[in-house]
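This report concerns only the one structure given below.
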Amino acid sequence: MKRKPKSLIQQFQFRLFVLGLLLICASVAAIAFDGVHQRDKLVFEADRNIEFIGKSLVRDIERALDYGIPITQLAGVNPFMEDALRSYPRIKYLSLLSSNGHRLFSTGPEPVGSEAFAQEAAYKHFRDVLPTDVEGQRVAVLPVLLGGETVAGGLLIGSGIGLRGSASAGSFLAFTTVLIISLFTLVEVLVLVVGTRLVNSVRTCQKMMGTISVGDFRQRLGPQPQSQMGEFVRALNAVVDRVNEHYKKMQIQVDLVKDGAGDEAQILRKRLGAHISQLLNRVHFAEAENSIMPRERALSDFRAPLFLFAFVEAMSAPIFPQFVITRSDPIVGIDVYLLIGLPVSLFFLCLFVATPVAAYLSNRVRQKPILLAGALGAAVGFIGVSFSDLYIDLLIWRCISAISYAFVITSFQSTIERMCSSDYWIKTLAFSLIVTVIGAGCGVVVGGMIAERLAYSDVFLVAAGVALIGGLTITLFMENLAPRSHPDVPVPGLWSRLRLLGNVRFLAAVAFGALPAKFVLSGVLLFIVPLFLSDLGVTPAVIGIIMVFYFAVVAAGTPLFHWLADKASLSMMAVFVGALVTCSGFLVLYQWHDVTAILIAICGLGVGHAMSVAPLLSLIPEVCEKEMETLGPSTVITTYRTLENMGGIAGPLAAAALVNHFGFPHAIAVMGLIVLGSALLLSFLFMVIGTSRSSDTTTLA
Amino acid sequence: MKPELASSLATSMVLACAIGFSAFLSYSNYHTDLEDLIRERVEVSVDDLERALRRDGFRIQRAQMADQTQRILDRATADNPDILALTLVADEMTDETSNSGADHSSAHSDGRGRGTWLSNSDDTNFTFLYKVSLPNQLKTTGKLLRVEVSRTNYDRKSQSMFGRLLLLSSGLFAIGFLLSWVGASLFYRPARTCFEKMATDIHLLLATGKVQDHDPTNVSVEEEQFFEFQRNTKLISDVLQEAEKLNEAGHASDAGPGHRGT
């Protein structure tokens, strides 16, 4: 059986990815192991603390003994020890021992084997006994003296392994998170670098070989750097040059014999003419200069910046409302929740305004300057937010971040449009945006961790740093894609776009489908959830981990649900069921108000969005059949995506008002009902009027 | 930039970020544990102090109160080497903070431990504020206890951990970068050899007009496509041969009958 040939480039990419992953795993494991080892050394510090606490307790017991009460007849020892356990969470077990090591009073679960330890300590009169590990607890013993000299007994202290146990579990989670994020980042970066440096060159060469094989010698390959691949490209160019050179010589010969007189010259002219016409039937030569064959490109080459920008933008999500609280002084007459929600709304307002401008520029300017402007703008915005002391400063800098984000997203959207056929690009867009979701998922976790360990404002500084790394990646590795259209080609203006609003189906899809989706995203996920969780005492790192469930569910569910909906032609049904799932998840909070209920609501929101967002986007070509032809798919989809940001503007403001009146859990439940109501209206409308204009004709007929 | 260098640079970039973030986490965990341990010891001292003040407060006369309190504070300071100074600064209820001359406006609770941390602590000390309930003759009043804690032990251990992590991270990154560079060069070798061979084959084809033989087994996608291209090179050689013939015929015609005669 013949083996299937393997691609050398793919092998190279895969092996490098495995090597990179191994290196990252080994390095992270080494640092984690060293960290645990170093923290183990802190056990001596912890032992000092146990001794310190023990001495404090022993002093009180000794005071009682000094009043002449025998150690066996002490009263109130148990409540005293219970109080100590409450005050010092590290201490898990306390036992007052007689001078011969027998237990007199004790509180807390007794560590197995502590009795033998107590006997041994009693043998040494409880002096100079080193703390030791006994069945998962650290035990130490201190002498209880009578009159400062005679050993009346001992105090046995069992402390939890908190320093190593729970901390190790937390560390394990944190380091695992680092590994997962590194994995995603490595995939994206390698796809970008190997794609632009090798895969695209190989594809272009293959295309060139294909054109040469069919006798087309009119194109050459562009210049390549000094490498083996470059050598191969130069060899292919040499073939083209040689053939064209001969053709040019032939033309010179033809010119020479053209004017020749006599029979021989006539015969030669005929022979030459016949040969050339026969040759030209099969082969195309370059008439003057060879044109350069355009380089092949893949959509995946443009994913890395999107991943990075989604990453940096999401970093602040778990702490942003809390951060706003630290920067806003109460204003008389304005609700505090409104003040917190306003920057989130403003972010979406800027997206709403900047997206059309960015779309216009994407058609006029090369891609790299737009992405670089986005990277620099984001970095400046984040630095500004980090150093802003006043609420108004925060709003201004946040606007800059939002505008930068709009530029990056729109540039990517425009790239997809340039690279895919018109009937395929909407689906590609829906799927490609999953990379945004993955990037955002990684960002919220990292942001939460940084906020917990440093300060809220530091999260923005780190985000600025990552945005600058993104800019560097763009400069180093990305191709400068030319603008889509010639400046003379008209791009549909604002009025043409507004014509879309005359389409009732489009309007319904936006108002009752896209808008509510963004409404709950900004209102619940970005506004209420961080505030609610923080109110429940959850730390920023855990808020990030809880929020990541939304992104994980969306990333995993979108392709699955979209495929199912597409197979069964049930896009509209998927939109409705998605809203139902979102609402059901939210209604859990009506009854239960804890972290688990929030997690269920977040997962419900993720499933709901995975089921409804992509199928609704796929419905747009059907809904706007005519406009897709007249205005072009790009204009329709850009307008749709611009308008959906209005939901993002309204979300936090509505959430603020609802939270003020009903509290966090009930506000979420009410927003769930709004989503369900919208989906019901949309389903009803599409059931009555159909999803396309052709259904009107069918009805009339 | 060569593909293998660009790829190893990209891998190293991600590796550097992963190492940096892991080191940050490790340092931060260590730092937090260390701080918690110091704070715990301070809290034990504060508890002891509070108990002592409560107990002794009932026995001493108002006139002796200040001296006795100072003695208790001094003893607590002596008991815990971490504590540099203990000061009862204000009456919590009546807010005598301003009278004490200390600015506590930056005091905030970070949710760790019972005390609030003064964020304007200087570089050598940590300063915490604890609320303590003290008997004042017949009624109990709230007081604020200002505790200054030495950073010496904490800083020494933190710096040692930082230095260690810096060394470890740099070492790991250097090894990682080297390995990724060697790995990328090794992994790229088959592709490099393949491109080299394909370029040589084309040059040979142009020089000799002959297609080189290849082992048809175990070929890659890239080689297979190149062989397919080579199979189609008959067209190229045909074109070149025909052009050659025509050129020769043209040259013969240039020479004219006289030329042919010779």
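The values are calculated or read from the model by the stated rules, or taken from the named source; none is laboratory data. Everything numeric here is computed off the predicted structure, so don't read it as measured data. Note that we place each Cβ from the backbone using ideal geometry, even for glycine, and neighbour counts take in every protein chain shown. Just so you know, the surface numbers come from the protein's heavy atoms only, side chains and all, with ligands and any DNA or RNA stripped out. Shrake-Rupley method; radii C 1.70, N 1.55, O 1.52, S 1.80 Å.
Before moving on, here are some points about what is shown:
- Solvent-accessible surface (1.4 Å probe) assigned to A:Cys350 amounts to roughly 20 Å².
- For chain A, the mean residue ellipticity at 222 nm estimated from helices alone is -24000 deg cm²/dmol, where every DSSP H run of n ≥ 4 contributes -39500 (n - 2.57) and the total is divided by all residues, rounded to the nearest 500.
- Cβ crowding within 10 Å averaged over residues, with B:149-160, A:443-454 ranked highest first: A:443-454, B:149-160
- For the stretch A:603-679, GluC sites (Glu not before Pro) meeting the loop criterion (DSSP other than H, G, I, E, B) and having at most 13 other Cβ atoms within 10 Å: none.
- Measure of compaction for chain A (Cα Rg per 2.2 N^0.38 Å): 1.34
- Computed accessible area, A:His125, all protein chains, 1.4 angstrom probe, square angstrom: 110
- Note on the stretch A:548-701: with neighbouring protein chains present and a 1.4 Å probe, carbon and sulfur make up 72 percent of its accessible heavy-atom surface.
- Accessible surface buried once A binds B (1.4 Å probe; total of both sides; Å²): 8600
- Take each residue of peptide B:216-223, count the partner chain Cβ atoms within 10 Å of its Cβ, and average: the result is 5.
- Shielding of B:41-49 by partner chains, average beta-carbon count, 10 Å: 4
- Applying 1/(1 + (r/R0)^6) with R0 = 56 Å to the Cβ-Cβ distance of B:Arg75 and A:Leu376 gives a FRET efficiency near 0.40.
- q = 0.13, 0.24, 0.28 Å⁻¹, the stretch A:515-579: log10 I(q)/I(0) [Debye, one scatterer per Cα]: -0.48, -1.03, -1.17
- Highest average packing first - A:598-610, A:205-217, B:4-16, B:166-178, Cβ atoms within 10 Å: A:598-610, B:4-16, A:205-217, B:166-178
- Computed FRET value (nearest 0.05) for B:Phe162 with A:Leu173, which takes r as the C-beta separation and R₀ as 25 Å: 0.60
- Within chain A, the whole DSSP H helices whose Cα atoms reach 20 Å or more along their own axis and whose mean Kyte-Doolittle score is at least 0.0 are A:8-41, A:165-194, A:336-362, A:367-387, A:391-419, A:434-453, A:456-477, A:540-567, A:571-591, A:595-623, A:633-662, A:664-689.
- Accessible-area ranking of A:Lys124, A:Lys270, largest first, probe 1.4 Å: A:Lys270, A:Lys124
- Highest average first, the peptides B:40-48, A:51-59 ordered by how many other beta carbon atoms sit within 10 Å of their residues are B:40-48, A:51-59.
- Solvent-accessible area per residue for chain A (1.4 angstrom probe, square angstrom): 43
- Label-to-label distance for A:Leu390 and A:Lys207 is 5.4 nm, based on points extended 7 Å past Cα in the beta-carbon direction.
- Modelled label reach - B:Ile175, point 7 Å along Cα→Cβ, the stretch B:1-38 residues with backbone N closer than 20 Å: B:8-9, B:11-27
- Between A:Val504 and A:Glu82, the simple spin-label model (points 7 angstrom out along Cα→Cβ) gives 7.2 nm.
- Label zone at A:Ala29, where the point sits 7 Å out along the Cα-to-Cβ direction: the stretch B:23-51 residues whose backbone N lies under 12 Å: none
- Positive-end extreme of charge dipole, chain A - chosen from A:Thr72, A:Ala656, A:Ile474 (charges on Cβ): A:Ile474
- If only the Cβ of Lys and Arg carry +1 and only the Cβ of Asp and Glu carry -1, the dipole of chain A around its Cα centre is close to 2560 debye.
- Take the Cβ atoms of A:Lys4 and B:Asp213, set R0 to 30 Å, and the FRET efficiency comes out at 0.85.
- Distance between modelled label sites at A:Phe662 and A:Asp329, nm, 7 Å Cα→Cβ extension: 3.5
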